Each structure stands twice: as structure tokens, then as C-alpha cells.
Amino acid sequence: MSEIQVNRRLLSENDQAAALLREKFGREGTLVVNLISSPGSGKTTLLEATVAAMSRTYRLAAIEGDIATERDADRLRRHGIPARQIITGGACHLDARLVRNELQKGGLDEADILFIENVGNLVCPTSYDLGEDFKVALLSVAEGDDKPFKYPGIFSRAAAAIITKIDLLPHVDFDVEAVRAQVNTLSPDGHFLLTSARTGEGVDGWCRLLAEKLNAKRKAADRADAPGN
């Protein structure tokens, strides 16, 4: 069997598992967000700021993906939300079956918003549907302003691109408008957000987007359940 055939089979099995997860999340009214970036972009730090801003109003939970250690899940648990760690042992991405298996262990049910923080990688996680409502691509200003066109797969599929660590802009060469233009080319309808979890700048806009997405999902579910549909 060729490598291409194996990859197609794996993706097909993943998509089947993802479809079942999407049905589950739809029934439960849970918004699921898949965060993808290179290592060190600030995914966990942004989630910590998100929890601080939203946990009094919404029930939040997280699944963390890493090659080793439970450090990221531990960080979120200290903020008072349920968080589970998937240790891939070398795999460069999460897949829907790993997420399904983690959910079956319990402890993450009844969340309004479930964050899936993928393994740090801008390539491999892009192809794997996890049953999420949307993907988010994160890019820190320390990584350089050429990344969207160098990694078009994730930036074209992400519903939101978040520029992180903007408090460092005075100290690095990073052209925000050049990045904005690249992202708009790849994903014209996507959201483009500037954030600093350290100072709090832009975090409110991110949280507002999450609340809007959750409300839209639940309204759509209510319409689908209405008599005559």
C-alpha cells in the first residue's frame, strides 16, 4: 500500500471520528475552538487570559496537546477550569480519535466553550479535523511577518488569525499591515486580531468573538429544533 493511500485512509477515519464529535458538540451546545501555532507563540498564555476574562460567565474547559509533559494543562487547572493533557509521545498533531478518547474519560462535559490547544506546529495539525467549530492560527510578533504566505494551509483555513505578544512590537521587526494583507488574501472573511496577554490589549475583542460564535451556534441549533424544521 502506498504512502498516499495510507494517508487517505487515516484522514478518512479521522474525518468519520470528527463528524461524530461535531454531532456530540452540537447536541451539547458546546463551542469548540482548535488553536494552532508554532511552539512558543503564546497559545497557553492567551488561554490563561481568556479564562480570567470569561470564566465567571461561561463554563470553560481545555484539551492540551503536547509531545511531552502536562505543564500546559497544569497551568490552566491552576486557573480553575478542567483541563486534560494528551501526550502524543512524538506525534506532531492531535487527531479526532485522540480527542474522542480523552472526552470519554469524563470531566470535560457541559462546557460552554472547549479549547483544543494543538501540538505546536503550523503544518501537521492543519489537515486534521477535530470536530471543532473553527480553527485559530496564532502568530507572535517574534516569529517574523512572512509566515502566512510561507504556511498558507493553516492561515487559509483559520477563521481567525491572532497576532500575539504585540507588546514586543517596539523591539522587533514585524510589519503588522503586511501580515494583515497576507491573511486577508488567504482568508478574506477571516478575523484578524492583535493581542497581548501580558498587557491585556485585544483580549476583550477575542473574548467577544468567542461569545458571538457561541451565541450564533446556539441560535442555529434552536432554529433547527424548532417545529416544522
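Among the candidates Ala62, Ala52, Ala17, the residue that is modelled with pLDDT of 95 or more, within 18 Å of Trp206 (Cβ to Cβ), more than 15 Å from the chain's Cα centre (by Cα) and not in a loop (DSSP other than H, G, I, E, B) is uniquely Ala52.
Based on this model, can you work out whether Asp189 counts as within 21 Å of Val33 (Cβ to Cβ), acidic (Asp, Glu) and free of Cβ contacts under 8 Å to residues at least 40 places away in the same chain?
Working: within 21 Å of Val33 (Cβ to Cβ): yes; acidic (Asp, Glu): yes; free of Cβ contacts under 8 Å to residues at least 40 places away in the same chain: yes.
For Asp189, the condition - within 21 Å of Val33 (Cβ to Cβ), acidic (Asp, Glu) and free of Cβ contacts under 8 Å to residues at least 40 places away in the same chain - is met.
Count of the range 73-111 residues, restricted to those that are touching a helix residue (DSSP H, G or I) at 6+ places or on another chain (Cβ under 7 Å), aliphatic (A, V, I, L, M) and not in a helix (DSSP H, G or I), is 4. Annotation: of all residues in the range 92-133 being surrounded by fewer than 17 Cβ atoms within 10 Å (Cβ to Cβ) and in contact with a strand residue (DSSP E or B) (Cβ under 9 Å, 6 or more places away or on another chain), the one that is modelled with the lowest pLDDT is Asp109.
Looking at the range 112-126 only, could you name the residues that are among the β-branched types (Val, Ile, Thr) and either out of contact with any helix residue (DSSP H, G or I) (no Cβ under 8 Å at 6 or more places or on another chain) or assigned to a helix (DSSP H, G or I) (or both)? Quick ask: steps written out before the conclusion?
Step one: of the range 112-126, the residues among the β-branched types (Val, Ile, Thr) are 113, 116, 119, 123, 126.
Thr126 - this is the single residue of the range 112-126 that is among the β-branched types (Val, Ile, Thr) and either out of contact with any helix residue (DSSP H, G or I) (no Cβ under 8 Å at 6 or more places or on another chain) or assigned to a helix (DSSP H, G or I) (or both).
Summed over the range 65-92, residues that are under 16 Å from Cys207 (Cβ atoms) and among the acidic types (Asp, Glu) total 0.
Residues that are within 24 Å of Lys165 (Cβ to Cβ) and in contact with a Pro (Cβ under 7 Å, 6 or more places away or on another chain) within the range 49-93 comprise just one, His93.
Do we have Ala73 as aliphatic (A, V, I, L, M), crowded, with 18+ Cβ neighbours inside 10 Å and farther than 24 Å from Arg208 by Cβ here?
Numbers: aliphatic (A, V, I, L, M): yes; crowded, with 18+ Cβ neighbours inside 10 Å: yes; farther than 24 Å from Arg208 by Cβ: yes.
For Ala73, the condition - aliphatic (A, V, I, L, M), crowded, with 18+ Cβ neighbours inside 10 Å and farther than 24 Å from Arg208 by Cβ - is met.
Arg56 - would you say it is free of Cβ contacts under 8 Å to residues at least 24 places away in the same chain and out of contact with any strand residue (DSSP E or B) (no Cβ under 9 Å at 6 or more places or on another chain)?
Values: free of Cβ contacts under 8 Å to residues at least 24 places away in the same chain: yes; out of contact with any strand residue (DSSP E or B) (no Cβ under 9 Å at 6 or more places or on another chain): yes.
It is true that Arg56 is free of Cβ contacts under 8 Å to residues at least 24 places away in the same chain and out of contact with any strand residue (DSSP E or B) (no Cβ under 9 Å at 6 or more places or on another chain).
Could you go through the range 154-164 and let me know if any residue there is under 28 Å from Glu13 (Cβ atoms), surrounded by 20 or more Cβ atoms within 10 Å (Cβ to Cβ), out of contact with any His (no Cβ under 7 Å at 6 or more places or on another chain) and not small (Gly, Ala, Ser). Taking every residue of the range 154-164 in turn, at least one turns out to be under 28 Å from Glu13 (Cβ atoms), surrounded by 20 or more Cβ atoms within 10 Å (Cβ to Cβ), out of contact with any His (no Cβ under 7 Å at 6 or more places or on another chain) and not small (Gly, Ala, Ser). Whenever a residue of the range 201-229 is more than 30 Å from Lys165 (Cβ to Cβ) and loosely packed, with under 11 Cβ neighbours inside 10 Å, it has no partner that is modelled with pLDDT of 85 or more and among the acidic types (Asp, Glu) lying with C-beta atoms less than 8 angstrom away and at least six residues away or across chains.
The values are calculated or read from the model by the stated rules, or taken from the named source; none is laboratory data. Values in this document were obtained by computation on a predicted structure and should not be read as measured data. All Cβ positions, even for glycine, are placed from backbone atoms using ideal geometry, and neighbour counts span all protein chains on display.
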